[in-house]
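All remarks here apply to the structure that follows.
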Ligand SMILES: Nc1ncnc2c1ncn2[C@@H]1O[C@H](COP(=O)(O)OP(=O)(O)OP(=O)(O)O)[C@@H](O)[C@H]1O
Ligand SMILES: [Mg+2]
């Protein structure tokens, strides 16, 4: 029996339970989603968007389905589980529902974390969401998050993904983001799970006019990680920045796939992704910038820089431009290199042992991505997390309350 | 004491050092002169253990230690310091983190506790004054965007921080203006004590007016072909190398 069929069978078994706990707006998409998944199946390596990640392997395995029912206790935060009004209006409106992994998530998601910031509201303190995977057996979870910023609202969110138990975890997550006209969103995602974890994360953002969206994804620990980030610029004069850094070693696999769609004129997009892959790890980055016909005066720059350390490590990089307008300024570039041996030797001459010298160089390389984070305390904390990662400190995870 | 015996070394398959003998006793300053490409920097790199340079024959001992068996960092911990002819830029690594790692690695190797943060920062400040280096330079990334002269000054700053017992100055004078040359040379002299020895590589007498050598060697085509007192440097300044060639 193939892996896709297992999920169809699982759906048949759990459909009623899911329908009974989840809100209507989510249930309304469920059957359609499983049909899409059944029709397409898990994407093979022949599918362009998934050519670097073997989904058959990632989704194989015997997982217990966790049907989550979360509670939110923070009283003053703009977060609730299942905001019906928001769901009715926006659920499934940003993400590509024909994507098989999104479809799978839509079929199995049982609740949606909803974050809503109203017109002209500025949430002063950054909102932090820590996701701790806990289970006594191998478990899969399908998570859904909806973030809506109304006109001129602003918010900074840090999402921290961790795992507290040594089980196999399979997680799919879909984050839909609506950034209204004049809105300002900073969204940070940090993965610090472990080698038994598989995470398929999709972030889909619709951006209105005059808005600013910054996304920064930091992958430090994990097993198989896939991050799909799609941004649709739908209003003029908006600016989007996608940054990310990856530190992968052992048998880690980290695949990032970004698409920025300039659908209207006069928007700006920036991308900077940096990977360090060591030992037997594999990294992949595919970044597409699409400029629609008539989206004049688009400005876009995309950079992907990578360091391959281990002789058995692999890095795939694929920046792409697809431009249907003539008055645009777009650039892209990617590099794969080694650690600077001259710098390593200089440090060793000063007495710094090779491993520490390596660590300083990697930190400097990756740290550039963290330096772009405007909020100073957050920036410092992330620098510390990267430093700990490089020090090989697996036992504690810097941020989450569980480890403090 | 540094003792080099019949040293042969290759880089990229090409033999550069063809039998170098050199003894530098504690407290002595030796100047090493010679034509471009003669092998002076190669000799320096071999002493500090650069992995690109392959020793094919001979030995180097330092205070009784077999240097050729030691890693570059161990040689550094033993007290050997090289001021690079071309100091390396390391973007993103701050001078502070770089020096802290270096100072503490050395302390650890010597069985000492790492310096407390406040003590370390005080050491940075004091040393900065001693060698008269702009504190803005010290707050930047290692050598990044430094001018040629600033880089050389930074080498002396690092030397002062690490207090080595044997120093190699590889053309530390090149790129320095007249005033900077004096400051750097005086900085070096301040750091010396009666045990400190050095190998000073230069093409010009003017550095040796400040850092006075006990002995001057001429290295040509991978061999030391002449050794004499300080007057040899003056003679080379006047007459060049042709008269020395064997
Ligand atoms: N890393 C290297 N790779 C290739 N060739 C090298 C390397 N280092 C030195 N060489 C070669 O070895 C020879 C000696 O070079 P070296 O740098 O030791 O000369 P030098 O005496 O220091 O000269 P200068 O006075 O110009 O600094 C030169 O021919 C040089 O090209
Ligand atoms: Mg030289």
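Rule-based calculations on the coordinates, nothing more; no lab input. These figures come from a predicted structure and were not determined experimentally. Here Cβ is always computed from backbone atoms with ideal geometry, including for glycine, and neighbour counts include all displayed protein chains.
When DSSP beta bridges are limited to those with both residues in the protein assembly as shown, what percentage is antiparallel, rounded to the nearest 5?
The antiparallel proportion sits near 15 percent.
Can you give the helix-only mean residue ellipticity at 222 nm for chain A, where every DSSP H stretch with n ≥ 4 adds -39500 (n - 2.57) and the sum goes over all residues, rounded to the nearest 500 deg cm²/dmol? Don't jump to the answer; show the numbers that get you there.
Numbers: 8 runs with 99 residues, N = 404.
That comes out to -7500 deg cm²/dmol.
Taking Cα pairs under 8 Å and at least six residues apart, what relative contact order does segment A:3-338 come out at, in percent?
Numbers: 935 pairs, mean separation 35.6, N = 336.
Contact order relative to length: 11 percent.
Once the Cα atoms of chain B are picked out, what are the Rg and Dmax in Å?
Just the Cα atoms of chain B yield Rg and Dmax of 17.8, 57 Å.
Could you put A:308, A:114 in order, starting from the residue whose Cβ has the fewest other Cβ atoms within 10 Å?
On the way: A:308 19, A:114 24.
Fewest-to-most ranking of A:308, A:114: A:308, A:114.
Can you compute the label reach from residue A:122? Point 7 Å from Cα along the Cβ direction, backbone N cut-off under 12 Å, restricted to segment A:175-211.
Hits in segment A:175-211 for residue A:122 at 12 Å: A:184.
So what is the 222 nm mean residue ellipticity for chain B from helices alone, if each DSSP H run of at least 4 adds -39500 (n - 2.57) and you divide by all residues, rounding to the nearest 500 deg cm²/dmol?
Details: 9 runs with 92 residues, N = 246.
About -11000 deg cm²/dmol.
If you fit an axis through the alpha-carbon atoms of helix B:117-130 and take the longest principal axis of the Cα set of chain B, what angle between them do you get, 0 to 90°, nearest 10?
Helix B:117-130 and the main axis of chain B meet at about 50 degrees.
Take A:332, A:142 and order them by how many other Cβ atoms sit within 10 Å, fewest up front. Numbers along the way, then the final one.
Numbers: A:332 16, A:142 23.
Going from sparsest to densest Cβ surroundings: A:332, A:142.
Let me have the relative contact order for segment A:80-232, percent, based on Cα pairs under 8 Å that are six or more residues apart.
Values: 406 pairs, mean separation 32.8, N = 153.
Reported relative contact order: 21 percent.
Please state the relative contact order of segment B:2-239 as a whole percent: Cα pairs under 8 Å, 6+ residues apart? Write down the numbers at each step before the final one.
Numbers: 416 pairs, mean separation 68.3, N = 238.
Computed over segment B:2-239, the figure is 29 percent.
Among DSSP beta bridges whose residues both lie in segment B:2-239, state the antiparallel percentage, nearest 5. List each step's numbers first, then the result.
On the way: 25 of 42 bridges.
Around 60 percent of the beta bridges assigned by DSSP in segment B:2-239 are antiparallel ones.
What is the extension gain from residue A:3 to residue A:251, computed as 0.36 nm multiplied by their sequence separation minus the C-alpha to C-alpha distance, in nm to one decimal?
Details: separation 248, 0.36 × 248 = 89.28 nm, distance 2.22 nm.
Going from the current span to full extension adds 87.1 nm.
Please list, by residue number, everything in segment B:42-84 whose backbone N is under 11 Å from a paramagnetic label point 7 Å out along Cα→Cβ of residue B:10.
Backbone N within reach: B:54-57.
Between residue A:21 and residue A:336, what is the spin-label point distance in nm, taking each point 7 Å from the Cα along the Cα→C-beta axis?
Distance between label points: 4.3 nm.
How do the peptides A:181-188, A:322-329 rank, highest first, by the average count of neighbouring beta carbon atoms within 10 Å per residue?
Numbers: A:181-188: 21.8, A:322-329: 12.6.
Order by mean packing, descending: A:181-188, A:322-329.
Taking 45 Å as R0, compute the FRET efficiency from the Cβ-Cβ separation of residue B:23 and residue A:314 and round it to 0.05. Kindly include the intermediate steps, with their values, before the conclusion.
On the way: r = 51 Å, r/R0 = 1.13.
The computed FRET efficiency comes out at 0.30.
Rounded to the nearest 0.05, what FRET efficiency is calculated for residue B:177 and residue B:3 with R0 set to 25 Å and r the Cβ-Cβ distance?
Values: r = 37 Å, r/R0 = 1.47.
Efficiency, rounded to the nearest 0.05: 0.10.
Counting other beta carbons within 10 Å of each Cβ, put A:360, A:86 in order, fewest first. Intermediate results must be reported in sequence, preceding the final value.
On the way: A:360 25, A:86 19.
In increasing order of surrounding Cβ atoms, one gets A:86, A:360.
Could you let me know the centre-to-centre spacing of segment B:120-136 and segment B:1-71, using Cα atoms, in angstrom?
About 32 Å separates the Cα centre of segment B:120-136 from the one of segment B:1-71.
Sticking with the crude label model, points 7 Å out along Cα→Cβ, report the distance from residue B:205 to residue B:117 in nm, one decimal please.
Those two pseudo-labels are separated by 5.3 nm.
Rg over Rh of segment A:250-404, using C-alpha atoms and the Kirkwood radius, what does it come to? If you can, show how the numbers build up before the last one.
Values: Rg = 18.5 Å, Rh = 17.7 Å.
With Rg and the Kirkwood Rh in hand, the quotient comes to 1.05.
Computed FRET efficiency, Cβ-Cβ of residue A:45 and residue A:384, R0 30 Å: what is it to the nearest 0.05? Display every interim value, and only then the final one.
Details: r = 37 Å, r/R0 = 1.25.
The pair residue A:45/residue A:384 has a calculated efficiency of 0.20.
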